[in-house]
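The values are calculated or read from the model by the stated rules, or taken from the named source; none is laboratory data. Only a predicted model underlies this, so the values are computations on that prediction, with no experimental measurement involved. Reconstructed Cβ throughout: ideal geometry from the backbone, glycine too, with neighbour counts over all protein chains shown. Accessible surface areas use protein heavy atoms only, side chains included; no ligands, DNA or RNA. Shrake-Rupley method; radii C 1.70, N 1.55, O 1.52, S 1.80 Å.
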Amino acid sequence: MPRYPVSVRLTAVLGLASALVTAALPALPGKTAWPLSLRDGLPAELPGFAAAPRDPLPDTDENEMGVYTEVSRFFQRIESPTSVRQFRLVVQDYGAGKDLTGAIRKAVAEASRAPRVETREVQVSGLPAFAVTDRSGGNPTTLVTVMVSPSRLVLAQGANVEPADALKLLGHVDFEKVINAK
C-alpha cells in the first residue's frame, strides 16, 4: 500500500471535512444556488403532515413536454394502519422559451375522457391551474398543476387527497419565490 506524505493526507482529510460541513449547513435565505433555488418557495412543513426526513436532490429528466429540472418535497399523514395520505410538492422548470400551456390543456382534456376522472381549471394564488382527480381506484389521487410561468410548473400530487385539500395545501407555497428562482 503506497504511503502518501502527511501534507497530501491532511489536504484530503480537510477537503472531505469541508465538503461534509458545507453539506450539513442550512442554506442562507436568498443564497441558494440553481437548481436548488427552485425549492426555496416550497414549504418545509405542512400542517397535519410529517415531512420526509430528507428532500431528494435536484434531478433532470425528460417527458413529452421536453427536458426539465425538478425539485420536490414529500409529506405524509398516517391516519390508521389502513389509511395514509401522501402529498408531494414539485417544481419543474423546462427552461426559457418553452410554453407548456397547450400541452397541459391537452393532457387535462385527455384525462377528462377517462371514467371516474374529474378535471377542472382553477386559480391558485392568481395563477392558472388545472386539477385532475382520479377516483377509479377507490381513494382519490389528485394532481394539481399550477402554471407559475409558461415554462415553470408547481405540481401538487396527492394520494388519498381530495382536490379541495390539495388546493388548500398549495396555499403554503411561496409562488413568488418559485417564479423568481434563478
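Tabulated results
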{"quantity": "Of all residues making up segment 124-147, the number that are in a strand (DSSP E or B), of a type outside the set (A, V, I, L, M, F, W, C) and within 14 Å of Ala166 (Cβ to Cβ)", "calculated": "5"}
{"quantity": "Single condition Pro56 does not satisfy, out of (1) assigned to a loop (DSSP other than H, G, I, E, B); (2) touching a residue at least 12 places away in the same chain (Cβ under 8 Å); (3) within 22 Å of His172 (Cβ to Cβ); (4) open to solvent by 90 Å² or more (accessible area, probe 1.4 Å)", "calculated": "(4)"}
{"quantity": "Checklist (1) surrounded by fewer than 16 Cβ atoms within 10 Å (Cβ to Cβ); (2) of a type in the set (Gly, Ala, Ser); (3) modelled with pLDDT of 95 or more applied to Ala131, failing item", "calculated": "(1)"}
{"quantity": "Positions within segment 135-161 being buried (at least 22 other Cβ atoms within 10 Å of the Cβ) and small (Gly, Ala, Ser), in sequence order", "calculated": "Ala156, Gly158"}
{"quantity": "Test: Lys98 is in contact (Cβ under 8 Å) with a residue 40 or more places away in the chain, of a type outside the set (Gly, Ala, Ser), out of contact with any helix residue (DSSP H, G or I) (no Cβ under 6 Å at 6 or more places or on another chain) and open to solvent by 20 Å² or more (accessible area, probe 1.4 Å)", "calculated": "yes"}
{"quantity": "Residue identified as under 19 Å from the mean Cα position of the chain (by Cα) and within 20 Å of Pro35 (Cα to Cα) among Val178, Val161, Val144, Val124", "calculated": "Val178"}
{"quantity": "Residue count, segment 77-94 (criterion: farther than 20 Å from Asp174 by Cα and not charged (D, E, K, R))", "calculated": "7"}
{"quantity": "Inter-residue pairs, beta-carbon under 9 Å, first without any contact (Cβ under 8 Å) to a residue 12 or more places away in the chain and at positive phi and in segment 128-148, second in a strand (DSSP E or B) and open to solvent by less than 60 Å² (accessible area, probe 1.4 Å), 6+ apart", "calculated": "none"}
